[in-house]
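Below is one structure, written out as structure tokens; the observations come after it.
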Amino acid sequence: MKKDVIVLADIGGTHARFARFQGGRMEGAQKLRAGDYPSFLACLEAYGGAPGSLYVAAAGNRLRKPNQYNHWIVEREPLEQAGWRVAPFVNDFRASAQGIVALDAAGLTALRPGLPAPDQPRALLGPGTGLGLAYI
């Protein structure tokens, strides 16, 4: 029985980033310029993702990207009609903040003296088309 390939997508204002998660490993990471594609589905097809499970994270709480680089409106229905099993969309920094919980002290930078404690609040900052931040 063939295992389901999971495609992860991070939709930003300028680029869409994709990777496959298969067999417990991330592979095939690729960044595509959003302005080169008329829709998210066209960009996903260019990435080469065969329909499977799709997890989408995007800046903002809505998947509408109105700026000079990306005019996509991302909706579940066309993706599902193309054969994808679409997980609920999440905010990109929410997804990243959930991931930093798994980091040990070596993967963190302390903003004040001392070693980070596992139960301390953590902050995630990231520049892109805008400035993203999350706390956990």
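The values are calculated or read from the model by the stated rules, or taken from the named source; none is laboratory data. These numbers were taken from a predicted model, which means no experiment stands behind them. Cβ atoms come from the backbone with ideal geometry, glycine included; neighbour counts cover every protein chain shown. Surface areas here come from the heavy atoms of the whole protein model, side chains and all, with no ligands, DNA or RNA. Shrake-Rupley method; radii C 1.70, N 1.55, O 1.52, S 1.80 Å.
VAL7 meets the conditions (1) modelled with pLDDT of 80 or more; (2) open to solvent by 40 Å² or more (accessible area, probe 1.4 Å) in every case but one. The failed one is (2). Which residue is nearest to the chain's Cα centre (by Cα), if the candidates are limited to region 10-23 and must be open to solvent by 10 Å² or more (accessible area, probe 1.4 Å) and at pLDDT below 85? Ranking the qualifying residues of region 10-23, first place goes to GLY12.
Residues in region 40-50 that are out of contact with any helix residue (DSSP H, G or I) (no Cβ under 6 Å at 6 or more places or on another chain) and surrounded by 15 or more Cβ atoms within 10 Å (Cβ to Cβ): 5 in all.
Scanning region 108-136 for residues that are under 22 Å from the mean Cα position of the chain (by Cα), open to solvent by 40 Å² or more (accessible area, probe 1.4 Å) and modelled with pLDDT under 75 gives LEU108, PRO127, GLY128, THR129, GLY130, LEU131, LEU133, TYR135, ILE136. Report whether or not ALA59 is closer than 16 Å to ILE11 by Cα, modelled with pLDDT under 75 and of a type in the set (Gly, Ala, Ser). In short, yes. Filtering region 80-98 to residues that are among the hydrophobic types (A, V, I, L, M, F, W, C) and out of contact with any strand residue (DSSP E or B) (no Cβ under 6 Å at 6 or more places or on another chain) leaves only ALA82.
Scanning region 70-87 for residues that are exposed (fewer than 15 other Cβ atoms within 10 Å of the Cβ) and at pLDDT 85 or above yields GLU77, PRO78, GLU80, GLN81, ALA82, GLY83, ARG85, ALA87.
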